[in-house]
Every structure is written in structure tokens, then in C-alpha cells.
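Accompanying notes for the structure given below.
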Amino acid sequence: MKNLFYCFLLLIPFTLQAQITQFGSFKILASEVVYQKVFNKDSVTVEKMVEFLKTVPTIGNIQAGDGTVTADLILLKVDYKKFKIPQIDAPAIIQTGVFSGKLSFDLKPGKYRATLSGIQMKGDTGTKKIIEPEPITKYATIDSGTALSKDWAKPTLLGVLEQQINERLTYKEVNTDWK
């Protein structure tokens, strides 16, 4: 019985050091950091989604398919002040960074799933100035892309980026009366 208790005590530290593989809507899929979220919205169709995406300034190259829409996220800057994050708390990459990636929307009755993959960034990380876009996975993961870095899995970093992406990808009705 005593040996069983000691074995149990040896297992506790491993569970306390569990790796982070998901933070909010960001997760690791196939060794890549991917944003994926399901939005509930009644009466969204492919045509309405395309019409909405055309009104979003940081989204381009919109392609409609059968129950899907693909697009590119281009030059997304995070407005951290809008989310009430003081400049002193906002990491340098959030303040200076520009993010891009490939978007796909899968539509079903009453909901749609937005996936942002191939996320790239450029800006100042605080230790390195990134001039050409580089994959976010390189900076946000550890252990060869199997876990999120604790430095990135923070409300002021991935949390604020998630809020900005959520705001851009939340479907809003497009008023067509004035076209």
C-alpha cells in the first residue's frame, strides 16, 4: 500500500506540467497554430457570407464553394486599445504586428465555422524585428510544434489576437438598400 502511494506521488508532477495545446480558439493541428471557432447565426448562406466578407477591409480573394467560402486574411492589425489593454501590458508583437493567413468558412444551418490557418506575422517581437512574413507557429509553439508556448498563451497576446479575429469574422447583416 505504501508503494502504491509513492507511485501516485510520482505521477502528480507530470499532470501539473501538462502542455498547453489549446488557448481560446487557437489550437495546434498538424504542428501548426490554427484559429478555429464556430459562430451561431441563423439564415447565413454562402451568398450572404460572400457579401459580408466583401465589406471587411482586411479580407480578400474571396471564393465561394458548395457550403464553403475561402478567403485570405490580409494585413490584420490588432487594435489592443479598443479591447482596453494598456500599452505597457500589450506585447510588442501585438503593438507592431501585422497578421495574415488563409480563411475558410464551413456553413451549416444556424451556424458557421471559421478556420484561419497558415497564420503569418511580421512586426517586432521585442527580441527580433520580422520584416518578411513568418509563420506564427515558429514563435508561438515549443517542442517542435506540439505545445503552445506559455509566453504566447496569455490573454494579452493570443487572447487579444483572438478578440480581433472574432470581431472581423462575426457575421453582420449587410444593408443592400443603398446599393
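The values are calculated or read from the model by the stated rules, or taken from the named source; none is laboratory data. Given the structure is predicted, the values throughout are model-derived calculations rather than measurements. Positions of Cβ are backbone-derived with ideal geometry, glycine not excepted, and every protein chain shown enters the neighbour counts. Side chains are part of the model used for accessible areas, which takes the heavy atoms of the whole protein and leaves out ligands, DNA and RNA. Shrake-Rupley method; radii C 1.70, N 1.55, O 1.52, S 1.80 Å.
List of remarks:
- Among the residues of the stretch 121-138, the ones that are touching a residue at least 40 places away in the same chain (Cβ under 8 Å) and of a type outside the set (A, V, I, L, M, F, W, C) come to 2 in all.
- Residues of the stretch 123-146 that turn out to be open to solvent by less than 70 Å² (accessible area, probe 1.4 Å) and of a type outside the set (S, T, Y), as a count: 10
So that you can scan it fast, the table gives a plain yes or no per residue for (1) surrounded by 15 or more Cβ atoms within 10 Å (Cβ to Cβ); (2) modelled with pLDDT under 95; (3) more than 26 Å from I142 (Cβ to Cβ):
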| site | (1), (2), (3) |
| --- | --- |
| F8 | no, yes, yes |
| Y35 | yes, no, no |
| T45 | no, yes, yes |
| T55 | no, yes, yes |
| V78 | yes, yes, no |
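- Test: residue in the stretch 91-113 that is charged (D, E, K, R), open to solvent by 70 Å² or more (accessible area, probe 1.4 Å) and under 25 Å from I20 (Cβ atoms): yes
- Considered as a group, the residues in the stretch 33-58 that are of a type in the set (A, V, I, L, M) and out of contact with any Lys or Arg (no Cβ under 7 Å at 6 or more places or on another chain) include one that is nearest to L169 (Cα to Cα), and that residue is L53.
- Within the stretch 99-115, residues that are under 15 Å from E32 (Cα atoms) have Cβ atoms under 7 Å from residues that are small (G, A, S) and open to solvent by less than 30 Å² (accessible area, probe 1.4 Å) in these pairs: L103/A71; L103/A114, counting only partners at least 6 apart in sequence or on another chain.
- The residue that is most open to solvent (accessible area, probe 1.4 Å), counting only those in the stretch 152-179 that are assigned to a helix (DSSP H, G or I) and touching an Asp or Glu at 6+ places or on another chain (Cβ under 8 Å), is T156.
- S149 vs. criteria modelled with pLDDT of 95 or more, of a type outside the set (A, V, I, L, M, F, W, C) and open to solvent by less than 60 Å² (accessible area, probe 1.4 Å): no
- In the stretch 97-152, the residues that are under 17 Å from the mean Cα position of the chain (by Cα) and charged (D, E, K, R): K102, D106, R113, K122, E134, K138, K150, D151
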